[in-house]
Amino acid sequence: MMIQKISDTYLDNTQVVLSNELTKKGVGTILENGFSASQEKYDFFSLVNQGDSQAEFDELLILAKEFQERTKRPILVHLRLGDVTPYTLLDFIEKTRKLGLQNFLVLSGDKRVNEQGFYTVEDLLRALRKELGGRVTLAATVNPADPTAVEKVESRQSAGADFLISQISFDSQPLMDLKKELEQDGLKVQLVAGMLNQPTIGQIQWVEKTFGLRVPLAYKENPKKVNRTVEKSLQIAGFSAFHFFTLPNF
């Protein structure tokens, strides 16, 4: 059974769509035990890519294939700039075609740097879209607090991204402001709100230390309550797609 592209099945703004980020360990748990009650609500999933070698990347692609075949739900494979080069692009395309993988989240990445790889997210998006046309769904990320966020969204959409996932939303305002600016500029872009699911104080502290993100004091004081408020505010503002990141448990 060929899993449909995410952009063909979801993200049409007519219904709320939920997705969840999984690690390799999380995928393994689902393959062994099936979905938990809380995971059943997700329409599609994404697969974190943290390997350092080609062998680890190949294993990740096979795991994604197994997940889709067993669960019958699409998975968005995280694809970093160092995972493919202009010289290996066609081999990558053929490999993923045989595995039935059609959905990719293009990221800059920092674990597998390849001097022969693509220089920017836009470069890789453009190359994939040129070779594959509309046969795949391509996504990218955006930081709503970045002063150049509007330009980033426009350049990544022009390069071939079907939708963009925001960084974790600790406050609804930056994402709402970005949506408004895009609309004022006449840009029709599918923005997916990045969220946490039942965040803990330990996770918030880890995010601040690891990623250097600024978390509002109100969120840190009551993360679960404020997280629900942020999600509700975004829904009221017209956001219909939410992607829930996975963090270590503390």
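The values are calculated or read from the model by the stated rules, or taken from the named source; none is laboratory data. From a predicted model like this one, the values you see are computed outputs, not experimental measurements. As a convention, Cβ positions derive from the backbone with ideal geometry for all residues, glycine included, and neighbour counts pool all protein chains shown. Calculation scope for accessible area: heavy atoms of the full protein, side chains included, ligands and nucleic acids excluded. Shrake-Rupley method; radii C 1.70, N 1.55, O 1.52, S 1.80 Å.
For the stretch 117-124, indicate whether the set of residues that are among the β-branched types (Val, Ile, Thr), at negative phi and out of contact with any Leu (no Cβ under 8 Å at 6 or more places or on another chain) is non-empty.
Within the stretch 117-124, none of the residues are among the β-branched types (Val, Ile, Thr), at negative phi and out of contact with any Leu (no Cβ under 8 Å at 6 or more places or on another chain).
Can you name every residue in the stretch 42-58 that is touching a residue at least 12 places away in the same chain (Cβ under 8 Å), open to solvent by 60 Å² or more (accessible area, probe 1.4 Å) and under 18 Å from Thr88 (Cβ atoms)?
Once the filter is applied, which keeps residues that are touching a residue at least 12 places away in the same chain (Cβ under 8 Å), open to solvent by 60 Å² or more (accessible area, probe 1.4 Å) and under 18 Å from Thr88 (Cβ atoms), the stretch 42-58 yields only Asp52.
Quick check on Leu90: is it in a strand (DSSP E or B) and of a type outside the set (D, E, K, R)?
Taking the combined requirement at face value, the residue does not satisfy it.
Mind telling me which of the residues Ala193, Ala161 ends up being buried (at least 20 other Cβ atoms within 10 Å of the Cβ), in a loop (DSSP other than H, G, I, E, B) and touching a residue at least 40 places away in the same chain (Cβ under 8 Å)?
After applying the criteria, what remains is Ala161.
Kindly check whether there is at least one residue in the stretch 68-86 that is among the β-branched types (Val, Ile, Thr) and assigned to a strand (DSSP E or B).
Yes, the stretch 68-86 contains at least one residue that is among the β-branched types (Val, Ile, Thr) and assigned to a strand (DSSP E or B).
Whether any residue in the stretch 84-92 is of a type in the set (D, E, K, R) and buried (at least 18 other Cβ atoms within 10 Å of the Cβ) is what I want to check.
Checked against the condition, which is being of a type in the set (D, E, K, R) and buried (at least 18 other Cβ atoms within 10 Å of the Cβ), the stretch 84-92 yields no hits at all.
Does Lys220 fit the bill of being basic (Lys, Arg), more than 21 Å from Lys152 (Cα to Cα) and without any contact (Cβ under 8 Å) to a residue 12 or more places away in the chain?
No: the conditions fail for Lys220.
Select from the stretch 64-83 the residues that are open to solvent by less than 30 Å² (accessible area, probe 1.4 Å) and either touching a strand residue (DSSP E or B) at 6+ places or on another chain (Cβ under 8 Å) or touching a residue at least 40 places away in the same chain (Cβ under 8 Å) (or both) and list them in ascending order.
Within the stretch 64-83, Ala64, Phe67, Gln68, Thr71, Pro74, Ile75, Leu76, Val77, His78, Leu79, Arg80, Leu81 qualify.
When the residues of the stretch 23-41 are filtered to those that are in a helix (DSSP H, G or I), among the β-branched types (Val, Ile, Thr) and touching a residue at least 24 places away in the same chain (Cβ under 8 Å), which remaining residue is surrounded by the fewest Cβ atoms within 10 Å (Cβ to Cβ)?
Ranking the qualifying residues of the stretch 23-41, first place goes to Ile30.
Here are the criteria: (1) within 16 Å of the chain's Cα centre (by Cα); (2) open to solvent by 60 Å² or more (accessible area, probe 1.4 Å); (3) modelled with pLDDT of 95 or more. Tell me which single one Gln167 does not satisfy.
So Gln167 meets the others, but not (3).
Taking the stated definitions as given, is Pro216 open to solvent by less than 10 Å² (accessible area, probe 1.4 Å) and not hydrophobic (A, V, I, L, M, F, W, C)?
no
Restricting attention to the stretch 121-151, report how many residues are under 15 Å from Leu164 (Cβ atoms), under 17 Å from the mean Cα position of the chain (by Cα) and not in a helix (DSSP H, G or I).
Qualifying residue count, the stretch 121-151: 8.
Which residue pairs have Cβ atoms closer than 8 Å, lie 6 or more positions apart in sequence or on different chains, and pair a first residue in the stretch 235-250 that is over 21 Å from Ala139 (Cα atoms) with a second residue that is among the small types (Gly, Ala, Ser)?
Partner pairs satisfying both residue conditions: Ala237/Ser172; Asn249/Gly202; Phe250/Gly202.
Quick check: is even one residue across the stretch 107-120 modelled with pLDDT of 95 or more and among the small types (Gly, Ala, Ser)?
Within the stretch 107-120, none of the residues are modelled with pLDDT of 95 or more and among the small types (Gly, Ala, Ser).
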